[in-house]
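None of the figures in this text is laboratory data; all of them are computed from the coordinates on show. Predicted, not measured: the structure shown is a model, and the values here were computed from it. So basically every Cβ, Gly included, is an ideal-geometry build from the backbone, and we count neighbours across all protein chains shown.
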Amino acid sequence: MKDASESSNIVSLSQRLDPSSERGGALLNTVRDIAGRRLQLLINGMFEHVDDALFDLAEKAENNAAQMHYFDGMREVRKRRPVVERGFLSLVARGLADFASNHRHTADNVMGSPLPIGSVELSLVADNELEESLAITSMIGKNETRLTRDLFAVNQRLSVIYGGIKIDDANNPVGPAALAQAFRQAMRELNAEMRVKLIIYKLFDRYVFATLDELYQEVNAELIRAGVLPQLRHELPRNAGQSPAAGAGQEQQHAIGEQADTFLAEDGGAELLQTLRTLFSVRRGPSDGRSIAGPLHAPSVNELVGALSVLQSQAAESIQPSSLQTTDTVDLAREVLLLKEQLLMQLGSLRGEKPGHVATVDEDTIDLVGMLFEFILEDRNLPTEMQVLLARLQIPYLKAAIIDRKLFAHRQHPARRLLDGLADAATAWSTESDRDHRLHEKVKSIVDRLLQDFDDDLSIFERLNTELHEFQDGNRRRAELSEQRVAESTRGREKLEQARRTAAREILGRVGDHSLPPLIHGILSRAWANYLVLTLLRQGEESSEYRDALRFINDFIASTRPAREPEERRALRQMLPGIERALRRGLANVAFQENDIERLLAQLHTYYRHQLGEAVSEAEVRAIEEAATLPIPENIQPVVDTAPESVEPEPGTEDPLENSPALEQVRELKPGHWLEFSADNASVERAKLSWISPMSGRYLFVNRRGLKVADYSPYELAAALTDGTARILESTALFDRALDAIVGRLSQTAAVAATPSRPT
């Protein structure tokens, strides 16, 4: 039992201290010292990590411009860090000191009804301000939820110290809201891009807000030791007019949300979830103070799941194979939008009276799932036939999201991975590549089984995900074999074409302005050019065989010069045995028959006798002149006469695609990207970039079975993108793209709603 002197030092909730009194001032100084000491350590620790974070991001930046932004941010942070730190700590200390005088005259009217989080912030409509506001409000909301118990106790004890002024999460001078706003104001000293500031806010959340519980626990311990509300118990206030059942339901849902946020904090999912909750809150507008469920308490999770199960069963029974082929995406979009009303009607049928609303957290989930499936029906990444199939999953996915709220925040959630996997398979689907309908039937069977078998056991998503992966792995292995054959065949043709061009350049460069007799030109442009190509492919450009083949060209051309002087004739006679040996060997290598080689050499003998001034009959001269008609093997093609194909504009000419966005897109493509190609006959084919030739730079595309669809030079592909006959498909997972689109859409709505209306 406490003695009288000790009891007199205990301050109850009904008592008030004057902050200007000796005891009140001492307690206020204690709180200020604890906050100052801990926050200085935390803010210092946070800034120690900023440099590393920005450097890592600079290394992974998508382009040079983004990299420079991060490096500029690093330099600015190093320069302005002391100013930001001092400003933040000064603002917190001033907030504690000035709180009583600033709020005493407004305690009765302002503090009793704090503005909802984000309502003031979202009055700023500039994109950067809106991004910053969303980051701040998300951070505040998440941490107020996480720190509820400790923060409640600090609020009550500070209220006593400050003379009875009502203190809650929104106006507590050391609460998350006040600390976040103080840091935001201090950050105005930092002249950096918004992307850099957003990184710093994330680090502030991670290294400062993450350990606020220790600050609050120390404040509470010191105030308890000083006798301020030592017996205080933590009780969450209920909304006026709210029934006990509704309150219990909301506390349960609130706890579920808090557990999900804590569980997901490591992969950033909680931040996204909190941002979405904030945006949905802004979209709903300020509360009117009534119970969110009207005259009835909000439906429980079990009631929602039961009603959805009924709707799911009806949906499964109503689907016929023919309906999947005839259903229009417009009709499906209408069904997506009507699901909330159908759910309320079903709840009414099960309850006996229709609830006006569902709990806020459930309403957000219903709207979020609805927006996800709206996105699916608008997503050009998915063929229409696949949109129709996947849209049938709205009810099972809504039920899964109601049962387990981690679905939207946890990237590795089985339901999320299954939908991403189905969408990935659907992206590669086309009528041409799925002639046996195996992929279409697999997707349809998974949709059917979810509609028919999913009750409340989430393990079905894992099982179906495993099944889909096994199916896709089998297809992928078969496709990779076909794809490898296509790539090898294309690589072989390109090496051949490259060798033909090299051979043509070498021969044409050596011929130059020489006017060669038809016999010599025919041998060089056909037979010897093909031998040159074969030597390049087999032996390589650095081989002695290839150098000998080039030397033969020089000698062969030199042998056509007039030999009028005895010295010239002697030199020609010395060359001829070597020319004959080289020619015999070369022609045999390119599959000339022995009798054809002898005929050709006989013609050459006649030609050289004529060159040496020996007597040659008119018939022999005619035979030489007609030598170009000599029969040659079918595999021998004219190389020199074939103009090399140009894959890019000629040097010195201007091309409208040069430096165009389309050509930049082409250059950023990597093997594995999927594109959609539209032919003149309106047929559509989807193909994956399989290989980019290191020789010609051409892009090879295959379908999901690994069969060749097309190959383009960079300029041809850029032209196709420009005229709309080709389109690059998104490579980001469906769920991530959908959530980005939803956040963007809600942010626009929030910005419009927050824009002050002009007087008319």
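Run through region 156-240 and list the trypsin sites (Lys or Arg not before Pro) located in a DSSP loop whose Cβ has at most 14 other Cβ atoms within 10 Å. All intermediate terms of the calculation are to be shown ahead of the outcome.
On the way: sites: 157, 166, 184, 188, 195, 197, 202, 206, 225, 233, 238; in loops: 166, 233, 238.
Those that pass, being in a loop and sparsely packed, are 233.
If I take R0 = 60 Å and measure r between the Cβ atoms of residue 612 and residue 480 in this structure, what FRET efficiency does the formula 1/(1 + (r/R0)^6) give, to the nearest 0.05?
With a Förster radius of 60 Å, E is 0.45.
Order by neighbour count: 358, 616, fewest other Cβ atoms within 10 Å first, most last. Walk me through the numbers on the way to the answer.
Numbers: 358 23, 616 17.
Fewest-to-most ranking of 358, 616: 616, 358.
Is any residue of region 357-398 close enough, with backbone N under 13 Å, to a label point placed 7 angstrom from the Cα of residue 684 along the Cα-Cβ axis, and if so, which?
Correct set: 377-388.
Mind giving me the FRET efficiency for residue 97 and residue 62? R0 is 45 Å, r the Cβ-Cβ distance, nearest 0.05 is fine.
The formula returns an efficiency of 0.45 here.
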